[in-house]
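The values are calculated or read from the model by the stated rules, or taken from the named source; none is laboratory data. Keep in mind it's a predicted model, so treat the numbers as computed, not measured. Note that each Cβ is placed from the backbone with ideal geometry, even for glycine, and that neighbours are counted across all protein chains shown. To get the accessible areas, we keep the full protein, side chains included, count just its heavy atoms, and leave off ligands, DNA and RNA. Shrake-Rupley method; radii C 1.70, N 1.55, O 1.52, S 1.80 Å.
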Amino acid sequence: MELAINPSKIISPLCYSVLRLEPYTNCAYSCLYCYARWYRGGRIKPRAKAIGMFAKVAKKLDLRIPFRLSTLSDPLQDVEENAKVSYKLMKIAKDNDIPVIFSTKSDRIAKNPWKSLIEEMAKDGLIVVQVSVSSLDRNDLERRAPHPQDRIKALEIIDAPKVLRLQPLIPNYSFKNAEEFVERVKDVADQITTEPLRIERSEIEFYGKFWDRWSRYSFEGELLKADCYEILEELSVACRKYGLDFGLCKEGYFHLETANCCGLHMIECELRPTLREVYRLLLERKVIDVDGLKFEGYLFGERLNELPRAIRKALRFHEKLFLKCLKDNSCLSHLTPLIRFEDGKLTLISSIQNPLSKH
């Protein structure tokens, strides 16, 4: 699917932003931990095809549905200086009133023409800027990317809704103390979103020098994630203390979040429902009949008929798999410790009562 992430039992139930714009075929930063290396390869080339397809869909799209720029490569890596594929995609989005989640490790966001376009889009509520770091001080796992402090400085001067992504969170590498980390960046961004490190089993020995607790990330068990609930809880508490929103990427600890993972509550846009919405409904109702489940105000069910075929089909596939996972207790237990399916009903199995405070 050119404009959408492929459905999966992890992405479909947990991610709002399944629509994507991929400007380049590969990424020059070559971060050692990068999950995208499993899905790409070859030389770095501009993807002109993405410009044409997005332009065609954008003209037909009447709803403000967010697209992620990008998922498999950095949109502002050095090749962008001349090719400007990301800039062209952003311009199409601006001209057609389409929101963009802009994710990068580059400090080029603070340089023109990208900075001025980002800030123009921000005035119209059309962009959330996300800058990723794995540490504020160390760069040894991402040596080809700008230094983390250069990224932080660039993010600080951008006038737009801003998310600092601690991605990946590598225990005993990313920081020594969660509150100290949050205190250092509290004036840089509006939100912190984090995703614990995901690795292949063959990498345990290398990353074991940082952390020794791992759990299954993929359903098949070949991909693992750092099992670090206590650290996520400490980050959540620190963000509340310093007035930052906090989100988790592809984690089922919804009670720790104060906002959605992508920071999309900071702009006006249409969202597909996720397990977060199920969790919030369960906080209100305690029990939900899956067959009668409705999500008012979300892109769900018949509302998908309003969309161009190129993305309607993709969103239907994601919705179908999402609903299927709601009826599969083994799937649910893998995704979240908070929700269970029994006798056709969804219920909460935790006594924690801290709902998401924002959209």
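Once the chain from Ile204 to Val287 is taken as fully extended at 0.36 nm per residue, the excess over their C-alpha distance is 25.9 nm. Which residues does the label zone of Asp95 cover in region 36-56, counting backbone N under 18 Å from a point 7 Å along Cα→Cβ? Residues 47-56 fall inside that zone.
Fully extending the segment from Ser215 to Asp159 would add 16.3 nm, taking 0.36 nm per residue of separation and subtracting the current Cα-Cα distance.
Out of the DSSP beta bridges found with both residues in region 159-268, what percent are antiparallel (nearest 5)? Working shown, then result.
Working: 6 of 15 bridges.
Rounded to the nearest five, the antiparallel share is 40 percent.
Can you give the FRET efficiency for Arg309 and Glu222, using 1/(1 + (r/R0)^6), R0 = 41 Å, r = Cβ-Cβ distance, to the nearest 0.05? Plugging the Cβ-Cβ distance into 1/(1 + (r/R0)^6) gives 0.75. With a Förster radius of 35 Å applied to the C-beta separation of Asp328 and Tyr229, the computed FRET efficiency comes to 0.90. When nucleic acids and ligands are ignored and a 1.4 Å probe is applied, Glu195 ends up with an accessible area of around 10 Å².
In the chain, carbon and sulfur make up what percent of the accessible area (probe 1.4 Å)? C and S fraction of accessible area: 46 percent. Computed from the C-beta positions of Asn177 and Ser8, the FRET efficiency with R₀ = 35 Å rounds to 0.50. Residues Met266, Met121, ordered by accessible area of protein heavy atoms at a 1.4 angstrom probe radius and largest first, appear as Met266, Met121. When the chain is treated as a GNM with alpha-carbon contacts under 10 Å, the residue of Asn177, Asn96, Asn139 showing the greatest mean-square fluctuation is Asn177.
Go through region 153-225 and name the chymotrypsin sites (Phe, Trp or Tyr not before Pro) that are in a DSSP coil and have 11 or fewer other Cβ atoms within 10 Å of their Cβ. Sites meeting the loop and neighbour criteria: none at all.
Placing unit charges on the Cβ atoms only, positive for Lys and Arg and negative for Asp and Glu, gives the chain a dipole magnitude near 1200 debye about its Cα centre. Simple rule: put +1 on each Lys or Arg Cβ and -1 on each Asp or Glu Cβ in the chain, find the dipole, and look at Leu141, Leu248, Pro23; the Cα lying farthest toward the positive end is Pro23.
Evaluated with a Cβ-only charge set (Lys, Arg +1; Asp, Glu -1), region 115-235 carries a dipole of roughly 300 debye about its Cα centre, given to the nearest 20. DSSP beta bridges fully contained in the chain are about 40 percent antiparallel. Restricting attention to region 1-148, close to 15% of DSSP beta bridges with both partner residues there are antiparallel. Under the combined filter of DSSP loop state and at most 15 neighbouring Cβ atoms within 10 Å, region 1-52 retains these chymotrypsin sites (Phe, Trp or Tyr not before Pro): Tyr39. The residues of the chain expose, per residue, 43 Å² of accessible area to a 1.4 Å probe.
Net charge in the neighbourhood of Pro66 (other residues with Cβ under 13 Å of its Cβ; Lys, Arg +1, Asp, Glu -1) is +1.
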